[in-house]
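K.L.:
Could you have a look at this structure, given as structure tokens, before my questions?
The values are calculated or read from the model by the stated rules, or taken from the named source; none is laboratory data. These figures come from a predicted structure and were not determined experimentally. For neighbour counting, all protein chains shown are included, and Cβ atoms are generated from backbone atoms with ideal geometry for every residue, glycine included. Note: areas computed on protein heavy atoms with side chains; ligands, DNA, RNA excluded. Shrake-Rupley method; radii C 1.70, N 1.55, O 1.52, S 1.80 Å.
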Amino acid sequence: MTILTSQEIIELSKEYTFFSWSVQGQVNPIPVGKAKGIYFWDTDGKRYIDFSSQLMNTNIGHQHPKVVKAIQDQAAELCFVHPGNTTEVRALLGKKLAEVTPGNLKKAFLTLGGAEANENAIKMARFYTGRHKLLARYRSYHGATHGSIALTGDYRRLAVEPVMPGGVHFLDPFCYRCPFGQKKESCKRECIAHLEEVIKYEGPDKIAAIIMEGVVGSNGLIIPPDDYWPRVRELCDKYGILLISDEVMSGWGRTGKWFAVDNWSVTPDIITTAKGITSGYVPLGAVIVSDKIAQFFEDKYLYAGLTYNGHALSCAAALATIEVYEDDHLIENAVVVGKYLGERLESIKSRHISVGDVRYIGLFSAIELVVNRVTKESFAPSVMAEIGTVLRQNGLFTFIMANNMGSIIFVVPPLCITKEQLDEGLAIVEKALETSDGQVKH
Ligand SMILES: Cc1ncc(COP(=O)(O)O)c(C=O)c1O
């Protein structure tokens, strides 16, 4: 039962709670009252299409009755036990994670989110290899805590430096803005040669792991060429370096496979994940390691711990969420509707002069806007803010990137979306593109 007005919810929230990644005086939150499937409503009843699955995590859609019931049932039975004890849901979830992750990935350390998962992956990789450096890409985000932000390549790290020592960054396989100045036709995978050079300069025997997002999310939806992941796997094997796939955003059906690396049949040594594991209904993250790494800790102390390691409510929610992916055929839907989304995005690009590039895999996609298709100059944040206003006024919520790394509208809806619902949302996106089309410079 709501007792506050919409305005009171906003005002009290702003006065007494901090909001992420923002100048506090400038935040403009939507007070959300209810949600179902791909939609949510504000407390005054205005409906929004959720085109970003909130923060790219509500993959199964909002308020799925099976997951809500699983949380309610678990809460009624047993909310919490000491992390050194265990529960039936923890046991079953551990086994299920080993089943859905690729190859010999076997044993999970359960956390509460993605940053914590990466923190613990860093520790485990360092303990296992006895090496201290970690290589990560510039266009990446791995979480806001001091170790995870040390891996993060983007502007969010710069603001909080100095961070954990040992993080080293390398350039990305970003074909639309190739850092090596290459074109698709003449590309010789300079990105791979570059990575090997960085490994040699940094000392292979000092490098514990290379961590990469399965498909880069918040840094612009960067899908690597098909041989990229396999070739990085080869480099890791050559130098005895562990390979970590950060599947916090790209996992759980988002790309049309359980995990993004499955698109290239690569088995990393460690997968870190969160978000879609429970679809955000309650917090959970996981570090899932290979059987070899798991075996290593059989007779060695694991210096890692969390009060909420293996939280019963989270485990119950994750089990039910994974069942929904399977029973509702959501990953299959991501493939079918994802193919349609790709066609629609290409058509949008052909009709809107401000669209420089569209990138998509499954239901993970982005529309990159440019002031000029030749120079590929990004739009000013003020233009992206105008676009955001049009989207919001017309009842569409999504993630927008508006900085010197690019001006991008993300299209990352829940995996239960239909083609008709997708069309409904894309029509609003096209309306907003009139704003950027009008500001193109030839
Ligand atoms: C690829 C990736 N890794 C890690 C994180 C951090 O996850 P969390 O916000 O749950 O700590 C995120 C969050 O967006 C992410 O996208």
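K.L.:
Projecting each Cα onto the charge dipole of the chain (Lys/Arg +1, Asp/Glu -1 at the beta carbon, about the Cα centre), which of 267, 318, 130 comes out farthest on the positive side?
P.N.:
Of the listed residues, the answer is 130.
K.L.:
In the calculated pair distance distribution of region 317-389, what percentage of Cα-Cα distances lie above 19 Å?
P.N.:
52 percent
K.L.:
Provide the per residue accessible area, probe 1.4 Å, for region 295-442, rounded to a whole number of square angstrom.
P.N.:
43 Å²
K.L.:
While we're on this one: How large, in Å, is region 132-248 by the Kirkwood hydrodynamic radius built from its alpha-carbon pairs?
P.N.:
Its Kirkwood hydrodynamic radius stands at 14.4 Å.
K.L.:
Using the Cα atoms as the points, what is the convex hull volume per residue of region 57-194 in Å³?
P.N.:
Hull volume over Cα atoms, normalised by residue count, gives 200 Å³.
K.L.:
So which of 46/69; 107/257; 36/123; 14/46; 34/419; 69/300 end up more than 30 Å apart, counting from Cα to Cα?
P.N.:
36/123; 69/300
K.L.:
To two decimal places, what compactness ratio does region 5-70 give when its Cα radius of gyration is scaled by 2.2 N^0.38 Å?
P.N.:
Normalised Cα radius of gyration, region 5-70: 1.25.
K.L.:
If you project the alpha carbons of the chain onto the principal axes, what extent comes out on each, in Å, largest first?
P.N.:
On the principal axes, the chain reaches 62, 60, 42 Å in Cα extent.
K.L.:
Next question. Just how large is the dipole of region 303-371 about the Cα centre, in debye to the nearest 20, putting +1 at every Lys and Arg Cβ and -1 at every Asp and Glu Cβ?
P.N.:
380 debye
K.L.:
Another question, then. For region 121-257, with all protein chains present and a 1.4 Å probe, just round the carbon and sulfur fraction of the accessible area to a whole percent.
P.N.:
Here it works out to 55 percent.
K.L.:
Using the alpha carbons of region 1-137, what is the convex hull volume per residue in cubic angstrom, as a whole number?
P.N.:
Residue-normalised Cα hull volume stands at 215 Å³.
K.L.:
Something else: How are the Cα pair distances of region 238-288 distributed, in percent, across 5 Å bins from 0?
P.N.:
Percent of pairs per bin, in order: 5, 22, 29, 22, 12, 7, 2, 1, 0.
K.L.:
Rg and Dmax of region 377-417, using alpha carbons, in Å: what are they?
P.N.:
11.3, 35
K.L.:
Could I ask something else about it? Which length gain, in nm to one decimal place, applies between residue 19 and residue 3 when the Cα-Cα distance is subtracted from 0.36 nm times their residue separation?
P.N.:
3.5 nm
K.L.:
Rounded to whole Å, give me the distance from the Cα center of region 377-442 to that of region 7-86.
P.N.:
22 Å
K.L.:
A follow-up question, please. Kyte-Doolittle mean at least 0.5 and Cα extent at least 15 Å along the axis: which DSSP H helices of the chain qualify?
P.N.:
Both cut-offs are met by 312-327.
K.L.:
Continuing with this model, one more query. Of 102, 381, 414, which is the most mobile in a GNM of the chain whose springs link Cα atoms less than 10 angstrom apart?
P.N.:
With Cα springs under 10 Å in the chain, the top fluctuation among 102, 381, 414 is at 381.
K.L.:
Top mean-square fluctuation among 361, 322, 30, Gaussian network model of the chain, C-alpha springs under 10 Å?
P.N.:
Between 361, 322, 30, it is 30 that shows the largest mean-square fluctuation.
K.L.:
About the Cα centre of the chain, how large is the charge dipole given +1 on each Lys and Arg Cβ and -1 on each Asp and Glu Cβ? Please answer in debye to the nearest 20.
P.N.:
Result for the chain is approximately 680 debye, rounded to the nearest 20.
K.L.:
Further, regarding this structure: What does the charge dipole of region 106-155 about its Cα centre add up to, to the nearest 20 debye, if the Cβ of each Lys and Arg holds +1 and the Cβ of each Asp and Glu holds -1?
P.N.:
Here the size comes out at about 320 debye.
K.L.:
Output the direction-averaged projected area (hull surface divided by four) of the convex hull of the alpha-carbon atoms of region 348-415, in nm².
P.N.:
Its Cα hull, projected and averaged over all orientations, spans 4.9 nm².
K.L.:
Could I ask something else about it? Top mean-square fluctuation among 333, 120, 372, Gaussian network model of the chain, C-alpha springs under 10 Å?
P.N.:
Its mean-square fluctuation being the largest, the pick is 372.
K.L.:
Right, next: Put +1 on the Cβ of every Lys and Arg and -1 on every Asp and Glu Cβ in the chain; which of 240, 364, 335 then has its Cα farthest towards the positive end of the dipole?
P.N.:
Checked the options; the winner is 240.
K.L.:
So, one more: In straight Cα distance, which lysines are under 17 Å from residue 200, not counting same-chain residues fewer than 8 positions off?
P.N.:
Straight-line reach from residue 200, under 17 Å: 133, 238.
K.L.:
With the cut-off at 15 Å, report for region 116-187 the share of all Cα pairs above it, as a whole percent.
P.N.:
57 percent
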